[in-house]
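The values are calculated or read from the model by the stated rules, or taken from the named source; none is laboratory data. Keep in mind the model is a prediction, meaning the values are calculated, not measured. All Cβ positions, even for glycine, are placed from backbone atoms using ideal geometry, and neighbour counts span all protein chains on display.
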Amino acid sequence: MSLIETQNMTVAMGGHIALRQVDFHINSGEIVTIVGPNGSGKSTLLKALIGAVKPQTGKVTRQPKLRIGYVPQKLHIDPTLPITVQRFLSLPIRRSKQDIDSVLDRVGANDLHDKQMFALSGGQFQRVLLARALLEKPQLLILDEPTTGLDQPGSAALYRLIEELRTDLGAAVLMVSHELHVVMSASDRVICLNGHVCCHGAPDIVASAPEYRALFGTGTHGALALYRHDHDHSHDHDDHEGCTHA
Amino acid sequence: MLDDFLIRATLAGIGVALAAAPLGCFVVWRRMAYFGDATSHAAILGIALSLALSLSVFTGALAVALIMAVTVSVLSGKGYAMDTLLGVMAHSALALGLVAVSFLQGVRLDLMAYLFGDILAVSKSDLAVIWIGAALVVALMVARWSALLTSTLNADLANASGIDPRREQMILTVCLAVVVAVAIKVVGVLLIVAMLIIPAAAARPLSRTPESMAVIAAILGALAAVLGLRMSYIYDTPTGPSIVCVAAGLFIIGLISGRFRASTD
(Lines give C-alpha, C1' and ligand atoms only; values in the text may rest on other atoms or scores of the structure.)
Protein backbone atom coordinates (compact mmCIF):
# COMPACT_ATOMS: atom_id res chain seq x y z
CA MET A 1 0.00 0.00 0.00
CA SER A 2 1.16 3.54 -0.70
CA LEU A 3 2.21 5.77 2.18
CA ILE A 4 -0.09 8.45 0.94
CA GLU A 5 -2.32 8.79 -2.07
CA THR A 6 -4.84 11.14 -3.58
CA GLN A 7 -7.73 10.21 -5.81
CA ASN A 8 -9.23 12.63 -8.24
CA MET A 9 -8.29 15.49 -5.93
CA THR A 10 -9.24 19.08 -6.78
CA VAL A 11 -7.98 21.90 -4.57
CA ALA A 12 -9.13 25.51 -4.55
CA MET A 13 -6.88 28.27 -3.19
CA GLY A 14 -8.08 31.85 -2.78
CA GLY A 15 -11.15 31.33 -4.92
CA HIS A 16 -9.64 29.65 -7.95
CA ILE A 17 -8.85 26.04 -8.73
CA ALA A 18 -5.16 25.46 -8.08
CA LEU A 19 -5.12 21.73 -8.75
CA ARG A 20 -7.51 19.68 -10.85
CA GLN A 21 -8.22 15.99 -10.53
CA VAL A 22 -4.84 14.89 -9.25
CA ASP A 23 -4.11 11.22 -8.77
CA PHE A 24 -0.94 10.82 -6.80
CA HIS A 25 0.76 8.17 -4.73
CA ILE A 26 4.15 7.55 -3.18
CA ASN A 27 5.53 4.27 -1.92
CA SER A 28 8.01 3.45 0.82
CA GLY A 29 11.62 4.30 -0.06
CA GLU A 30 10.84 6.12 -3.31
CA ILE A 31 12.23 9.51 -4.31
CA VAL A 32 9.58 11.41 -6.21
CA THR A 33 10.11 14.92 -7.54
CA ILE A 34 7.49 17.41 -8.59
CA VAL A 35 8.43 19.87 -11.31
CA GLY A 36 6.36 22.60 -12.90
CA PRO A 37 6.36 26.32 -13.59
CA ASN A 38 5.58 28.93 -10.93
CA GLY A 39 1.94 28.89 -9.90
CA SER A 40 1.45 25.37 -11.19
CA GLY A 41 0.22 24.10 -7.82
CA LYS A 42 3.37 22.35 -6.59
CA SER A 43 3.27 23.79 -3.10
CA THR A 44 -0.49 23.39 -3.02
CA LEU A 45 -0.10 19.66 -3.65
CA LEU A 46 2.32 19.39 -0.72
CA LYS A 47 -0.02 21.40 1.48
CA ALA A 48 -2.89 19.11 0.63
CA LEU A 49 -0.75 16.09 1.44
CA ILE A 50 0.23 17.37 4.90
CA GLY A 51 -3.37 18.35 5.56
CA ALA A 52 -2.89 22.13 5.56
CA VAL A 53 -5.55 22.60 2.90
CA LYS A 54 -8.64 20.52 2.38
CA PRO A 55 -9.42 19.26 -1.10
CA GLN A 56 -12.62 20.56 -2.63
CA THR A 57 -13.40 17.19 -4.13
CA GLY A 58 -11.65 13.86 -4.20
CA LYS A 59 -9.75 12.44 -1.26
CA VAL A 60 -6.39 12.04 0.39
CA THR A 61 -5.64 8.70 2.01
CA ARG A 62 -2.73 8.42 4.45
CA GLN A 63 -1.40 5.22 5.88
CA PRO A 64 -2.59 5.10 9.51
CA LYS A 65 -0.12 6.85 11.87
CA LEU A 66 2.03 7.98 8.97
CA ARG A 67 4.98 10.03 10.24
CA ILE A 68 5.75 12.92 7.90
CA GLY A 69 8.82 15.13 8.18
CA TYR A 70 8.05 18.41 6.45
CA VAL A 71 10.56 21.01 5.29
CA PRO A 72 8.66 24.14 4.21
CA GLN A 73 9.66 26.55 1.48
CA LYS A 74 11.16 29.88 2.48
CA LEU A 75 10.83 29.98 6.23
CA HIS A 76 11.46 33.52 7.32
CA ILE A 77 12.21 33.97 11.01
CA ASP A 78 11.79 37.54 12.10
CA PRO A 79 14.81 38.96 13.94
CA THR A 80 12.39 40.25 16.57
CA LEU A 81 11.89 36.64 17.63
CA PRO A 82 14.89 35.39 19.58
CA ILE A 83 15.15 31.64 19.30
CA THR A 84 18.11 29.28 19.43
CA VAL A 85 18.47 26.31 17.13
CA GLN A 86 18.01 23.99 20.08
CA ARG A 87 14.75 25.64 21.15
CA PHE A 88 13.49 25.68 17.56
CA LEU A 89 14.01 21.94 17.27
CA SER A 90 11.94 21.43 20.42
CA LEU A 91 8.82 22.97 18.89
CA PRO A 92 6.06 22.08 19.28
CA ILE A 93 7.14 18.81 20.92
CA ARG A 94 9.85 18.79 23.59
CA ARG A 95 12.83 16.77 22.40
CA SER A 96 15.64 15.38 24.52
CA LYS A 97 19.07 16.96 24.30
CA GLN A 98 20.32 13.59 23.08
CA ASP A 99 17.86 13.42 20.16
CA ILE A 100 18.65 16.98 19.17
CA ASP A 101 22.40 16.31 19.28
CA SER A 102 22.04 13.24 17.15
CA VAL A 103 19.94 14.85 14.37
CA LEU A 104 22.14 17.94 14.25
CA ASP A 105 25.11 15.61 13.98
CA ARG A 106 23.38 13.69 11.21
CA VAL A 107 22.87 16.77 9.05
CA GLY A 108 26.35 18.11 9.79
CA ALA A 109 25.22 21.04 11.91
CA ASN A 110 26.41 20.06 15.38
CA ASP A 111 28.14 23.41 15.89
CA LEU A 112 24.87 25.34 15.55
CA HIS A 113 23.15 24.37 18.83
CA ASP A 114 23.15 27.74 20.51
CA LYS A 115 23.10 29.91 17.42
CA GLN A 116 20.13 32.23 16.88
CA MET A 117 17.90 31.05 14.04
CA PHE A 118 17.79 34.42 12.28
CA ALA A 119 21.60 34.53 12.20
CA LEU A 120 22.00 31.31 10.21
CA SER A 121 23.16 31.26 6.61
CA GLY A 122 20.89 29.77 3.94
CA GLY A 123 22.67 26.41 3.95
CA GLN A 124 22.76 26.18 7.75
CA PHE A 125 19.09 27.06 7.92
CA GLN A 126 18.11 24.29 5.49
CA ARG A 127 20.13 21.78 7.49
CA VAL A 128 18.39 22.81 10.69
CA LEU A 129 14.99 22.48 9.00
CA LEU A 130 15.99 19.06 7.78
CA ALA A 131 17.12 18.11 11.29
CA ARG A 132 13.74 19.20 12.61
CA ALA A 133 11.99 17.00 10.07
CA LEU A 134 14.22 14.07 11.09
CA LEU A 135 13.10 14.36 14.71
CA GLU A 136 9.73 13.02 13.56
CA LYS A 137 11.51 9.80 12.55
CA PRO A 138 9.71 10.22 9.25
CA GLN A 139 8.50 7.49 6.94
CA LEU A 140 7.96 10.23 4.40
CA LEU A 141 10.13 13.30 4.02
CA ILE A 142 8.46 16.19 2.18
CA LEU A 143 10.64 19.06 0.99
CA ASP A 144 9.39 22.19 -0.77
CA GLU A 145 12.23 23.56 -2.89
CA PRO A 146 14.86 22.70 -0.32
CA THR A 147 17.71 24.41 -2.13
CA THR A 148 16.12 27.84 -2.65
CA GLY A 149 18.79 30.43 -2.01
CA LEU A 150 21.71 28.00 -1.93
CA ASP A 151 24.67 28.17 -4.27
CA GLN A 152 25.51 25.18 -6.45
CA PRO A 153 27.94 23.42 -4.09
CA GLY A 154 25.48 24.08 -1.27
CA SER A 155 22.55 22.53 -3.08
CA ALA A 156 24.65 19.61 -4.33
CA ALA A 157 25.66 18.90 -0.73
CA LEU A 158 22.05 19.13 0.41
CA TYR A 159 20.81 16.73 -2.26
CA ARG A 160 23.59 14.30 -1.34
CA LEU A 161 22.48 14.50 2.26
CA ILE A 162 18.83 13.87 1.31
CA GLU A 163 19.85 10.84 -0.70
CA GLU A 164 21.89 9.50 2.23
CA LEU A 165 19.00 10.04 4.59
CA ARG A 166 16.70 8.08 2.36
CA THR A 167 19.10 5.15 2.46
CA ASP A 168 19.61 5.40 6.22
CA LEU A 169 16.01 5.87 7.24
CA GLY A 170 14.40 3.92 4.46
CA ALA A 171 12.08 6.91 4.17
CA ALA A 172 10.31 7.98 1.02
CA VAL A 173 11.23 11.44 -0.23
CA LEU A 174 8.86 13.80 -1.99
CA MET A 175 10.26 17.10 -3.14
CA VAL A 176 9.53 20.09 -5.29
CA SER A 177 12.50 21.23 -7.28
CA HIS A 178 13.46 23.64 -10.02
CA GLU A 179 16.83 22.08 -10.57
CA LEU A 180 15.97 19.78 -13.37
CA HIS A 181 19.40 18.26 -13.84
CA VAL A 182 19.41 17.12 -10.23
CA VAL A 183 15.84 15.92 -10.47
CA MET A 184 16.65 13.73 -13.40
CA SER A 185 19.62 12.08 -11.78
CA ALA A 186 18.28 11.63 -8.27
CA SER A 187 14.60 10.76 -8.64
CA ASP A 188 12.87 7.47 -9.12
CA ARG A 189 9.83 9.19 -10.50
CA VAL A 190 9.06 12.68 -11.75
CA ILE A 191 5.67 14.34 -11.78
CA CYS A 192 5.24 17.27 -14.10
CA LEU A 193 2.55 19.59 -12.81
CA ASN A 194 0.71 22.51 -14.31
CA GLY A 195 -2.59 22.83 -12.51
CA HIS A 196 -3.02 19.15 -13.20
CA VAL A 197 -0.67 16.23 -13.75
CA CYS A 198 0.78 16.79 -17.22
CA CYS A 199 2.91 13.73 -17.27
CA HIS A 200 4.64 11.43 -14.86
CA GLY A 201 6.95 8.47 -14.77
CA ALA A 202 10.64 7.65 -14.73
CA PRO A 203 12.91 10.68 -15.37
CA ASP A 204 13.86 9.48 -18.87
CA ILE A 205 10.29 9.09 -19.92
CA VAL A 206 9.19 12.43 -18.54
CA ALA A 207 12.14 14.22 -20.07
CA SER A 208 11.17 13.06 -23.50
CA ALA A 209 7.46 13.60 -23.05
CA PRO A 210 6.09 16.30 -25.30
CA GLU A 211 4.08 17.80 -22.43
CA TYR A 212 7.22 18.27 -20.40
CA ARG A 213 9.03 19.83 -23.31
CA ALA A 214 6.12 22.11 -23.96
CA LEU A 215 6.46 23.40 -20.41
CA PHE A 216 10.19 23.59 -20.09
CA GLY A 217 11.50 23.45 -23.61
CA THR A 218 9.98 26.52 -25.22
CA GLY A 219 10.96 29.98 -24.16
CA THR A 220 13.97 28.74 -22.28
CA HIS A 221 15.69 27.44 -25.40
CA GLY A 222 16.62 24.31 -23.60
CA ALA A 223 18.31 26.11 -20.72
CA LEU A 224 15.97 24.44 -18.25
CA ALA A 225 14.95 21.21 -19.88
CA LEU A 226 17.17 18.23 -20.00
CA TYR A 227 17.51 17.23 -23.59
CA ARG A 228 18.47 13.65 -23.50
CA HIS A 229 16.70 13.16 -26.76
CA ASP A 230 17.88 16.18 -28.63
CA HIS A 231 18.31 14.13 -31.78
CA ASP A 232 14.62 13.43 -32.07
CA HIS A 233 13.59 16.95 -31.27
CA SER A 234 10.94 17.14 -33.89
CA HIS A 235 7.81 17.92 -31.92
CA ASP A 236 5.90 21.02 -32.57
CA HIS A 237 5.22 22.30 -29.07
CA ASP A 238 2.04 23.98 -30.11
CA ASP A 239 0.53 20.55 -30.45
CA HIS A 240 0.51 20.25 -26.72
CA GLU A 241 -1.62 23.03 -25.53
CA GLY A 242 -3.38 20.44 -23.41
CA CYS A 243 -0.72 21.13 -20.82
CA THR A 244 -0.89 24.88 -20.61
CA HIS A 245 -2.58 26.45 -17.67
CA ALA A 246 -6.32 26.81 -18.11
CA MET B 1 -4.38 47.29 52.48
CA LEU B 2 -6.59 47.61 49.39
CA ASP B 3 -8.12 50.73 50.91
CA ASP B 4 -5.07 52.73 49.87
CA PHE B 5 -5.68 54.03 46.33
CA LEU B 6 -1.96 53.93 45.55
CA ILE B 7 -1.76 50.24 46.40
CA ARG B 8 -4.83 49.50 44.28
CA ALA B 9 -3.28 51.48 41.43
CA THR B 10 0.02 49.64 41.75
CA LEU B 11 -1.67 46.24 41.74
CA ALA B 12 -3.78 47.24 38.74
CA GLY B 13 -0.69 48.37 36.84
CA ILE B 14 1.20 45.17 37.64
CA GLY B 15 -1.77 43.02 36.65
CA VAL B 16 -2.04 44.64 33.23
CA ALA B 17 1.73 44.53 32.72
CA LEU B 18 1.88 40.79 33.45
CA ALA B 19 -0.85 39.95 30.94
CA ALA B 20 0.38 42.42 28.35
CA ALA B 21 3.96 41.12 28.35
CA PRO B 22 3.61 37.64 26.79
CA LEU B 23 0.84 38.87 24.50
CA GLY B 24 2.97 41.87 23.55
CA CYS B 25 5.77 39.52 22.49
CA PHE B 26 3.42 37.84 20.00
CA VAL B 27 2.22 41.25 18.82
CA VAL B 28 5.85 42.15 18.11
CA TRP B 29 6.79 38.80 16.54
CA ARG B 30 3.74 38.67 14.31
CA ARG B 31 3.81 42.38 13.50
CA MET B 32 0.32 42.87 14.85
CA ALA B 33 0.91 46.32 16.38
CA TYR B 34 -1.62 47.99 14.14
CA PHE B 35 -4.04 45.20 14.93
CA GLY B 36 -3.74 46.13 18.60
CA ASP B 37 -4.42 49.76 17.72
CA ALA B 38 -7.55 48.82 15.82
CA THR B 39 -8.85 46.73 18.70
CA SER B 40 -8.19 49.40 21.29
CA HIS B 41 -9.62 52.24 19.23
CA ALA B 42 -12.77 50.22 18.76
CA ALA B 43 -13.03 49.98 22.52
CA ILE B 44 -14.06 53.67 22.64
CA LEU B 45 -17.18 52.70 20.76
CA GLY B 46 -17.71 49.97 23.32
CA ILE B 47 -17.40 52.48 26.13
CA ALA B 48 -19.98 54.77 24.52
CA LEU B 49 -22.38 51.87 24.09
CA SER B 50 -21.93 50.66 27.64
CA LEU B 51 -22.57 54.15 29.02
CA ALA B 52 -25.69 54.42 26.88
CA LEU B 53 -26.95 51.00 27.88
CA SER B 54 -25.76 51.29 31.50
CA LEU B 55 -23.55 48.25 31.19
CA SER B 56 -20.18 48.05 32.85
CA VAL B 57 -17.47 49.69 30.77
CA PHE B 58 -15.53 46.46 30.83
CA THR B 59 -18.39 44.49 29.26
CA GLY B 60 -19.02 47.01 26.50
CA ALA B 61 -15.36 47.48 25.66
CA LEU B 62 -14.71 43.74 25.66
CA ALA B 63 -17.68 43.05 23.41
CA VAL B 64 -16.75 45.66 20.79
CA ALA B 65 -13.03 44.84 20.97
CA LEU B 66 -13.88 41.17 20.42
CA ILE B 67 -16.12 41.91 17.45
CA MET B 68 -13.45 44.16 15.96
CA ALA B 69 -10.63 41.69 16.54
CA VAL B 70 -12.57 38.75 15.13
CA THR B 71 -13.72 40.74 12.09
CA VAL B 72 -10.18 41.79 11.27
CA SER B 73 -8.91 38.28 11.91
CA VAL B 74 -11.43 36.77 9.52
CA LEU B 75 -10.90 39.39 6.82
CA SER B 76 -7.14 39.01 7.04
CA GLY B 77 -7.38 35.60 5.44
CA LYS B 78 -9.23 36.97 2.42
CA GLY B 79 -6.42 38.80 0.68
CA TYR B 80 -7.31 42.38 1.67
CA ALA B 81 -4.45 44.81 2.21
CA MET B 82 -4.15 44.50 5.94
CA ASP B 83 -2.91 47.95 6.90
CA THR B 84 -5.51 49.71 4.80
CA LEU B 85 -8.28 47.56 6.19
CA LEU B 86 -7.12 48.17 9.75
CA GLY B 87 -6.75 51.87 9.11
CA VAL B 88 -10.31 52.07 7.88
CA MET B 89 -11.76 50.02 10.72
CA ALA B 90 -9.68 51.43 13.59
CA HIS B 91 -10.31 55.05 12.85
CA SER B 92 -13.93 54.59 11.84
CA ALA B 93 -14.56 52.81 15.12
CA LEU B 94 -12.75 55.53 17.07
CA ALA B 95 -14.62 58.31 15.27
CA LEU B 96 -17.93 56.53 15.63
CA GLY B 97 -17.22 56.02 19.31
CA LEU B 98 -16.39 59.70 19.84
CA VAL B 99 -19.52 60.78 18.01
CA ALA B 100 -21.62 58.32 19.97
CA VAL B 101 -20.18 59.63 23.23
CA SER B 102 -21.18 63.20 22.31
CA PHE B 103 -24.82 62.12 22.26
CA LEU B 104 -24.63 61.04 25.86
CA GLN B 105 -25.39 63.56 28.59
CA GLY B 106 -22.70 64.41 31.11
CA VAL B 107 -19.96 62.06 30.00
CA ARG B 108 -17.95 64.52 27.93
CA LEU B 109 -15.55 65.12 30.81
CA ASP B 110 -15.01 61.44 31.47
CA LEU B 111 -13.80 60.83 27.97
CA MET B 112 -10.26 61.89 28.85
CA ALA B 113 -10.20 59.22 31.53
CA TYR B 114 -10.94 56.55 28.94
CA LEU B 115 -8.48 57.87 26.39
CA PHE B 116 -5.59 58.15 28.82
CA GLY B 117 -6.66 55.99 31.72
CA ASP B 118 -7.47 56.87 35.31
CA ILE B 119 -5.50 54.37 37.28
CA LEU B 120 -5.82 56.30 40.54
CA ALA B 121 -9.59 55.79 40.42
CA VAL B 122 -9.34 51.99 40.29
CA SER B 123 -11.87 50.46 42.68
CA LYS B 124 -11.72 47.09 44.38
CA SER B 125 -14.10 45.62 41.83
CA ASP B 126 -12.06 47.09 38.95
CA LEU B 127 -9.04 45.43 40.49
CA ALA B 128 -10.85 42.11 40.60
CA VAL B 129 -11.82 42.43 36.92
CA ILE B 130 -8.26 43.34 35.95
CA TRP B 131 -6.69 40.43 37.82
CA ILE B 132 -9.24 37.87 36.66
CA GLY B 133 -8.80 39.04 33.06
CA ALA B 134 -5.03 39.05 33.37
CA ALA B 135 -4.96 35.60 34.97
CA LEU B 136 -7.17 34.25 32.19
CA VAL B 137 -4.93 35.64 29.49
CA VAL B 138 -1.72 34.39 31.12
CA ALA B 139 -3.21 30.94 31.72
CA LEU B 140 -4.36 30.69 28.11
CA MET B 141 -0.97 31.78 26.79
CA VAL B 142 0.91 29.33 28.98
CA ALA B 143 -1.39 26.46 28.02
CA ARG B 144 -1.09 27.15 24.29
CA TRP B 145 2.50 28.42 24.31
CA SER B 146 4.10 25.79 22.05
CA ALA B 147 1.26 25.84 19.55
CA LEU B 148 1.18 29.64 19.46
CA LEU B 149 4.92 29.80 18.97
CA THR B 150 4.95 27.17 16.23
CA SER B 151 2.23 28.88 14.25
CA THR B 152 3.99 32.21 14.71
CA LEU B 153 7.16 30.73 13.20
CA ASN B 154 5.41 29.26 10.18
CA ALA B 155 1.84 28.31 9.38
CA ASP B 156 2.87 25.29 7.29
CA LEU B 157 5.13 23.92 10.03
CA ALA B 158 2.19 24.25 12.42
CA ASN B 159 -0.15 22.45 10.03
CA ALA B 160 2.34 19.65 9.54
CA SER B 161 2.43 19.19 13.33
CA GLY B 162 -1.35 19.04 13.55
CA ILE B 163 -1.76 22.61 14.85
CA ASP B 164 -4.38 24.83 13.24
CA PRO B 165 -2.73 28.27 12.87
CA ARG B 166 -6.09 29.99 12.38
CA ARG B 167 -7.25 28.72 15.72
CA GLU B 168 -4.09 29.97 17.41
CA GLN B 169 -4.55 33.34 15.73
CA MET B 170 -8.07 33.45 17.14
CA ILE B 171 -6.76 32.72 20.65
CA LEU B 172 -4.34 35.64 20.40
CA THR B 173 -7.14 37.81 19.10
CA VAL B 174 -9.38 36.99 22.05
CA CYS B 175 -6.53 37.59 24.49
CA LEU B 176 -5.88 40.95 22.86
CA ALA B 177 -9.51 41.97 23.31
CA VAL B 178 -9.42 40.96 26.99
CA VAL B 179 -6.19 42.88 27.65
CA VAL B 180 -7.57 45.97 25.91
CA ALA B 181 -10.73 45.82 27.98
CA VAL B 182 -8.95 45.44 31.31
CA ALA B 183 -6.25 47.99 30.51
CA ILE B 184 -8.62 50.87 29.75
CA LYS B 185 -8.70 52.02 33.38
CA VAL B 186 -4.95 51.76 33.72
CA VAL B 187 -3.42 53.40 30.66
CA GLY B 188 -6.44 54.27 28.54
CA VAL B 189 -7.37 53.37 25.01
CA LEU B 190 -4.66 55.40 23.30
CA LEU B 191 -1.75 53.95 25.26
CA ILE B 192 -2.69 50.28 25.55
CA VAL B 193 -0.61 49.32 22.56
CA ALA B 194 2.37 51.00 24.20
CA MET B 195 2.02 48.65 27.19
CA LEU B 196 1.92 45.70 24.81
CA ILE B 197 4.83 46.64 22.60
CA ILE B 198 7.33 48.69 24.56
CA PRO B 199 8.16 46.14 27.31
CA ALA B 200 8.44 43.38 24.70
CA ALA B 201 10.66 45.53 22.50
CA ALA B 202 12.78 46.49 25.52
CA ALA B 203 13.19 42.81 26.43
CA ARG B 204 14.26 41.77 22.93
CA PRO B 205 17.99 42.70 23.08
CA LEU B 206 18.25 41.00 26.47
CA SER B 207 16.76 37.66 25.38
CA ARG B 208 17.99 34.53 23.67
CA THR B 209 14.78 32.49 23.73
CA PRO B 210 11.09 33.36 23.31
CA GLU B 211 10.39 32.35 26.90
CA SER B 212 13.05 34.60 28.36
CA MET B 213 11.76 37.48 26.26
CA ALA B 214 8.25 37.04 27.67
CA VAL B 215 9.50 36.85 31.26
CA ILE B 216 11.83 39.84 30.92
CA ALA B 217 9.03 41.81 29.24
CA ALA B 218 6.75 41.03 32.20
CA ILE B 219 9.37 42.21 34.67
CA LEU B 220 10.06 45.40 32.72
CA GLY B 221 6.33 46.09 32.30
CA ALA B 222 5.68 45.68 36.03
CA LEU B 223 8.70 47.87 36.79
CA ALA B 224 7.38 50.57 34.45
CA ALA B 225 3.98 50.44 36.19
CA VAL B 226 5.51 50.83 39.65
CA LEU B 227 8.02 53.52 38.72
CA GLY B 228 5.52 55.37 36.54
CA LEU B 229 3.06 55.57 39.41
CA ARG B 230 5.80 56.78 41.70
CA MET B 231 6.81 59.44 39.20
CA SER B 232 3.22 60.52 38.75
CA TYR B 233 2.79 60.78 42.54
CA ILE B 234 5.96 62.79 43.11
CA TYR B 235 5.82 65.13 40.12
CA ASP B 236 2.04 65.24 39.75
CA THR B 237 2.16 64.05 36.14
CA PRO B 238 -0.68 62.14 34.42
CA THR B 239 -0.32 58.52 35.49
CA GLY B 240 -0.92 56.48 32.31
CA PRO B 241 1.49 58.55 30.20
CA SER B 242 4.04 58.45 33.07
CA ILE B 243 3.98 54.65 33.02
CA VAL B 244 4.53 54.64 29.26
CA CYS B 245 7.38 57.18 29.59
CA VAL B 246 9.17 54.93 32.09
CA ALA B 247 8.63 51.96 29.75
CA ALA B 248 10.16 53.98 26.92
CA GLY B 249 13.14 54.77 29.18
CA LEU B 250 13.56 51.04 29.87
CA PHE B 251 13.45 50.39 26.12
CA ILE B 252 16.36 52.77 25.58
CA ILE B 253 18.33 51.16 28.40
CA GLY B 254 17.62 47.72 26.92
CA LEU B 255 18.78 48.90 23.52
CA ILE B 256 22.04 50.30 24.87
CA SER B 257 22.83 47.29 27.07
CA GLY B 258 21.99 44.94 24.18
CA ARG B 259 24.45 46.81 21.96
CA PHE B 260 27.03 46.66 24.70
CA ARG B 261 26.53 42.93 25.12
CA ALA B 262 26.74 42.31 21.39
CA SER B 263 30.03 44.16 21.20
CA THR B 264 31.55 42.19 24.07
CA ASP B 265 30.38 38.78 22.81
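Would you point out which residue out of B:I14, B:I67, B:I7 is farther than 30 Å from B:R230 by Cα and modelled with pLDDT of 85 or more?
Step by step, each of B:I14, B:I67, B:I7 is checked, and only B:I67 is farther than 30 Å from B:R230 by Cα and modelled with pLDDT of 85 or more.
Looking at the structure I just gave you, is A:S96 outside the structural domain of A:L158 (by TED's automatic domain parsing) and at pLDDT 90 or above? If you could, list the steps in order and put the result at the bottom.
On the way: outside the structural domain of A:L158 (by TED's automatic domain parsing): yes; at pLDDT 90 or above: yes.
Answer is yes for this residue.
What residue, of A:L143, A:L165, A:L129, A:L158, is assigned to a strand (DSSP E or B) and surrounded by 14 or more Cβ atoms within 10 Å (Cβ to Cβ)? Steps first, please.
Details: A:L165 fails: assigned to a strand (DSSP E or B); A:L129 fails: assigned to a strand (DSSP E or B); A:L158 fails: assigned to a strand (DSSP E or B).
Step by step, each of A:L143, A:L165, A:L129, A:L158 is checked, and only A:L143 is assigned to a strand (DSSP E or B) and surrounded by 14 or more Cβ atoms within 10 Å (Cβ to Cβ).
Would you mention how many residues in region B:29-56 are crowded, with 24+ Cβ neighbours inside 10 Å and aliphatic (A, V, I, L, M)?
Of all residues in region B:29-56, those crowded, with 24+ Cβ neighbours inside 10 Å come to B:32, B:35-36, B:38-48.
Next cut, aliphatic (A, V, I, L, M) only: B:32, B:38, B:42-45, B:47-48.
Of the residues in region B:29-56, 8 are crowded, with 24+ Cβ neighbours inside 10 Å and aliphatic (A, V, I, L, M).
Condition check: away from chain A (no Cβ under 14 Å), in contact with a Gly (Cβ under 9 Å, 6 or more places away or on another chain), crowded, with 17+ Cβ neighbours inside 10 Å and among the β-branched types (V, I, T). Does B:I198 satisfy that? Show your work before the answer.
Values: away from chain A (no Cβ under 14 Å): no; in contact with a Gly (Cβ under 9 Å, 6 or more places away or on another chain): yes; crowded, with 17+ Cβ neighbours inside 10 Å: yes; among the β-branched types (V, I, T): yes.
Against the criterion (away from chain A (no Cβ under 14 Å), in contact with a Gly (Cβ under 9 Å, 6 or more places away or on another chain), crowded, with 17+ Cβ neighbours inside 10 Å and among the β-branched types (V, I, T)), B:I198 does not qualify.
Any residue at all in region A:92-109 that's within 14 Å of chain B (Cβ to nearest Cβ) and among the polar types (S, T, N, Q)?
Among the residues of region A:92-109, not one is within 14 Å of chain B (Cβ to nearest Cβ) and among the polar types (S, T, N, Q), which makes the answer no.
Given the residues A:Q63, A:Q73, A:Q98, which is the only one that is surrounded by fewer than 15 Cβ atoms within 10 Å (Cβ to Cβ) and closer than 30 Å to A:E5 by Cα? Don't jump to the end; show me each part of the working.
Values: A:Q73 fails: surrounded by fewer than 15 Cβ atoms within 10 Å (Cβ to Cβ); A:Q98 fails: closer than 30 Å to A:E5 by Cα.
The unique qualifying residue is A:Q63.
For region B:71-100, which residues satisfy the criterion of being at pLDDT below 80 and either outside any loop (DSSP other than H, G, I, E, B) or within 18 Å of the chain's Cα centre (by Cα) (or both)?
In the first step, residues of region B:71-100 are kept if they are at pLDDT below 80; the result is B:72-83.
Within region B:71-100, B:V72, B:S73, B:V74, B:L75, B:S76, B:M82, B:D83 meet the criteria.
Can you spot a residue in region B:223-235 that is farther than 18 Å from B:F116 by Cβ, modelled with pLDDT of 95 or more, among the aliphatic types (A, V, I, L, M) and touching a Pro at 6+ places or on another chain (Cβ under 9 Å)?
yes
Take the residues in region A:68-82 that are at the interface with another protein chain (Cβ under 7 Å from one of its Cβ atoms) and within 26 Å of the chain's Cα centre (by Cα), then tell me which one is farthest from A:D144 (Cα to Cα).
Top of the filtered list is A:D78.
Quick grid of which residues meet (1) in contact with a Lys or Arg (Cβ under 9 Å, 6 or more places away or on another chain); (2) within 14 Å of another protein chain (Cβ to nearest Cβ):
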| site | (1), (2) |
| --- | --- |
| B:D4 | no, no |
| B:C25 | yes, yes |
| B:V28 | yes, yes |
| B:A33 | no, yes |
| B:A43 | no, no |
| B:L53 | no, no |
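Among all residue pairs at least 6 apart or on different chains, which show Cβ distances below 6 Å where the first residue, located in region B:127-151, is assigned to a helix (DSSP H, G or I) and the second is among the acidic types (D, E)?
Correct list of pairs: B:A147/B:E168; B:L148/B:E168; B:S151/B:E168.
Hey, among A:K115, A:K137, which residue is more than 8 Å from chain B (Cβ to nearest Cβ) and exposed (fewer than 15 other Cβ atoms within 10 Å of the Cβ)?
A:K137
Can you name every residue in region A:45-67 that is more than 12 Å from every other protein chain (Cβ to nearest Cβ) and under 17 Å from the mean Cα position of the chain (by Cα)?
The one that is more than 12 Å from every other protein chain (Cβ to nearest Cβ) and under 17 Å from the mean Cα position of the chain (by Cα): A:L45.
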